[in-house]
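The values are calculated or read from the model by the stated rules, or taken from the named source; none is laboratory data. Just so we're clear, the structure is a prediction, and the values are computed from it rather than from any experiment. Don't worry about glycine lacking a Cβ; one is built from the backbone with ideal geometry, like all the others, and counts go over all protein chains shown.
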Amino acid sequence: MRGSLKQLGLVLTGAVLGFALTLNFSAVADKSTTTAGTPLPIEDLRTFSEIFGRIKTDYVEPVDDHKLIKEAITGMVAGLDPHSAYLDQEAYKELQDGTQGEFGGLGIEVTMEDGLVKVVTPIDDTPASKAGIKSGDYIIKLDDAAVKGMTLNDAVKHMRGKPDSPITLTILRKNEAKPLVITLKRAIIKMKSVKLKEIDPGYGVIRISQFQEHTGEDLATAVKQFYKDNKDQPKGLILDLRNNPGGLLNAAVGVAGVFLPQESLVVYTEGRIADAKMHLTVTPENYLRDGNEKDYLADLPKGIDKLPLVVLVNGGSASASEIVAGALQDHHRATIIGVRTFGKGSVQTILPLSGNTALKLTTARYFTPNGRSIQAKGIDPDQVVADDADVVEATLGIHESDLSGHLSNPTDQNAGKSSAAVPSNAKTGAAESTSAPATPEAQHATKPAKLMHKPGEKEENIPDPQQDAALAYLKKAAAGKAH
């Protein structure tokens with residue numbers, strides 16, 4: 001299993017075909033079949049050849065063959081679903097840098113929407129987060145260059161650059177009367193994906209911002225430190241997965257494994273090829289990068305598998321975050337607090353190609369231990385507590401089910417019809433006055449939470465109703481045990 005994970009490079013986030021093309025290649029295609037054994041669509045290939053020829057002879061300006069073929073491949077892959085993509089040399093390197101936890105740039109997760117660059121989430125402690133860039137912001141200009149018409153890869157390339165070099169972003173933000181102009185300096189982004197802080201005697205929060213190569217072992221280290229700080233008698237822990245877009249599959253298994261017994265099922269996947277059908281349990285081969293690596297789950301503090309645990313999620317919690325939340329929920333190991341997650345229940349495999357390019361291809365759907373598909377549905381929290389109002393409004397409630405071309409949910413035909421829905425059996429939390437409305441139809445009956453902080457306010461001074469609800473839950477559970 002380790003070989004498959006390492007060789008294929010499975011990622012959960014959240015731009016493969018190599019062939020020599022000539023204008024008369026259809027003659028060869030008559031004798032060709034796909035790998036599935038079915039004939040190639042000869043008429044479609046002839047149409048492609050004709051269009052290619054017309055562009056070469058009739059387009060207003062000369063177009064390089066390489067550019068035409070690259071754009072054709074990019075369009076072919078992008079048309080499959082929102083997460084499959086052809087990665088050129090720079091995009092492939094950027095993806096590798098991101099999962100390894102170090103790259104140069106601004107520190108924002110971005111996607112393309114309606115021809116504009118949309119901020120998914122700013123990364124903690126980066127130029128973007130320090131400058132006040134927010135989830136849901138739309139970048140319309142990069143320096144003096146309009147984003148409209150750029151590909152996502154082109155926009156990302158523009159944002160990357162030498163450390164300390166300036167860049168000016170022009171941003172559209174909901175509820176702002178005019179565009180915001182923000183100048184910031186690029187930096188080497190060293191993403192520390194795990195952070196620990198104590199919020200009350202005996203109670204701590206561990207935030208995971210992304211699932212990278214070292215996230216599992218970094219979490220284990222943070223847990224050990226938490227126990228040490230509390231003289232091996234901690235009272236409860238909050239695992240914060242809010243606005244975590246996902247990352248590496250083996251890292252998700254390792255994170256869940258910190259809190260689950262060995263051999264526990266974390267996730268299973270189903271796809272068309274053998275390598276896409278996996279049952280990933282808490283065993284070293286499923287969470288370690290190679291056989292020579294020390295097993296970081298072997299010396300965890302005693303009692304960690306029973307420590308009271310709350311997991312915080314929101315609409316920005318996606319993919320690997322949902323795997324962890326779903327596994328802990330199915331095993332009744334943690335209480336999930338927040339709002340419904342993003343709903344990305346598919347696995348992308350990185351397939352290296354010639355020329356240092358790669359194909360990021362959706363190869364499987366994943367399922368929680370109890371057989372739930374999260375695709376276009378998400379994880380429903382056990383206790384609903386709304387996001388801070390500015391986050392809810394900024395992200396506009398966008399979920400996987402709102403993305404054009406998203407995959408269907410194989411276990412729930414109603415998934416995606418109301419991405420804001422809250423299950424009828426979900427408990428409302430301590431911050432009930434800020435709970436999300438159960439359905440879009442109920443929005444008129446429940447006012448959204450008021451803006452609770454000013455832009456640029458220090459993080460430690462910003463109210464956090466979800467974290468407050470989690471702490472209250474843990475304290476109540478501890479009081480019940482004492483009685």
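Within the range 333-383, the set of residues being farther than 26 Å from I238 by Cβ and in a loop (DSSP other than H, G, I, E, B) comprises L353, T357, G371, Q375, A376. Taken together, L116, L106 contain a single residue that is in the same structural domain as K157 (by TED's automatic domain parsing) and either closer than 20 Å to H406 by Cα or modelled with pLDDT under 85 (or both), which is L116.
Could you tell me whether I323 is at pLDDT 95 or above and of a type outside the set (D, E)? Answer is yes for this residue.
You will find that of Y296, Y287, Y268, the residue that is in the same structural domain as P465 (by TED's automatic domain parsing), farther than 30 Å from Q233 by Cβ and not hydrophobic (A, V, I, L, M, F, W, C) is Y268 and no other.
Please count how many residues of the range 162-180 are assigned to a loop (DSSP other than H, G, I, E, B) and under 24 Å from the mean Cα position of the chain (by Cα).
So the first thing to find is which residues in the range 162-180 are assigned to a loop (DSSP other than H, G, I, E, B), and the list is 162-165, 173-179.
Narrowing further to those that are under 24 Å from the mean Cα position of the chain (by Cα): 173-174.
Result for the range 162-180: 2.
Of all residue pairs spaced 6 or more apart or on separate chains, those with beta-carbon atoms under 7 Å, a first member in the range 315-328 that is part of a helix (DSSP H, G or I) and a second member that is of a type in the set (D, E, K, R) are E322/K344; G326/R372.
Contact list please: Cβ distance under 9 Å, first residue in the range 284-312 and among the acidic types (D, E), second residue crowded, with 21+ Cβ neighbours inside 10 Å and in a loop (DSSP other than H, G, I, E, B), pairs at least six apart or on different chains. Listed pairs, sorted by first residue: D295/L288; D305/L260. Taking the criterion of being of a type in the set (V, I, T) and surrounded by 10 or more Cβ atoms within 10 Å (Cβ to Cβ), the residues of the range 54-95 that qualify are I55, V63, I69, I73, T74, V77. The residues of the range 346-387 that are in contact with a His (Cβ under 7 Å, 6 or more places away or on another chain) and of a type in the set (V, I, T) amount to a single one, T362.
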